[in-house]
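Before any comments, here is the structure.
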Amino acid sequence: SQTIHQWPATLVQPVGSPLSLECTVEGTSNPNLYWYRQAAGRGLQLLFYSVGIGQISSEVPQNLSASRPQDRQFILSSKKLLLSDSGFYLCAWSPLQGKAEAFFGQGTRLTVV
Amino acid sequence: AQSVTQLDSQVPVFEEAPVELRCNYSSSVSVYLFWYVQYPNQGLQLLLKYLSGSTLVKGINGFEAEFNKSQTSFHLRKPSVHISDTAEYFCAVSDAGSTGFQKLVFGTGTRLLVSP
C-alpha cells in the first residue's frame, strides 16, 4: 500500500532563516506531487505541483520554492522566511493517471517568529 | 477554472442529530467532486467522491453526499452525528475532462462542532 511521510510535524523558525520541508511517498511510482498551504479561514491553497522529476509548477508567486530531486521526494524551501509564511503545510500525492483523488501527509505546522 | 463555495464556516449540532454541510461549485466543464475531513493538526482524509454514475454517494463513517448538477451542489449529510465527527470538512472539485495531472480546488472548509 502507498504511504506518504512528511516532516517535521512542527517547526518554529525566526524571520530571515531558511526553510526545508521534506515529503516522501512509498509504494507507488511516478506520482503527481503537491504542496498546499492552509491558513486559518482560507482553506487550502495549492502552492506547487510536480508531474515528474525536476518538473515544478508554481501556482502562486511567493517567497517559497519547491524541488523534486527524486521520483518520490518533494521538498519545499525558502532562503529567507517571512512572518507571512506561517501556516500549516500539507504535502499530497495522486496517481499519474488517476481520477484526481489526492492523498495527504500529516502536515507541518510552521510558525515564523 | 473551477471554484468551490462552502457557505457555512461553522456548523454546531448536538450529538445524534442529523447534519448537512453545504457545498456549491462553479465550473464550465464536467467535474469530479470530493469531500475530505481534517482532524486537528492532521492531514486530510477522503470521506467520499463522485466521479460518475449514481448521484448519491456513500462514504466512510456513515457520511453520504448527493450530486445535483442543476443546482451545482454536492452537500454532505449524516443522519446521526457523534462527538468524534467534530472536525473540519472540505469540499473539492476537479476537471473531469483532464487526463494525467488534475488540480483539486478546495473550498474554505466547514467546521463541524458536535456537542453532547
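FYI, it's all coordinate maths here, none of it is from the lab. Note that the coordinates shown come from a computational prediction; the quantities given were computed from them, not determined experimentally. For neighbour counting, all protein chains shown are included, and Cβ atoms are generated from backbone atoms with ideal geometry for every residue, glycine included.
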Coil-residue trypsin sites (Lys or Arg not before Pro) of segment B:9-116, DSSP, other Cβ within 10 Å capped at 10: B:Lys69
With 5 Å bins from 0: P(r) over the protein assembly as shown, alpha-carbon pairs, percent: 1, 7, 14, 18, 19, 16, 12, 8, 4, 1, 0
All-pairs alpha carbon distance profile, segment A:1-48, 10 Å steps from 0, percent: 18, 44, 32, 7
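Looking only at Cα atoms, what is the convex hull volume of chain A per residue, in Å³?
Spread over its residues, the Cα hull of chain A gives 96 Å³ apiece.
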Within straight-line cross-link reach of B:Lys49, lysines at Cα separation under 21 Å, skipping those fewer than 8 residues along the same chain: A:Lys99, B:Lys58, B:Lys69, B:Lys78, B:Lys103
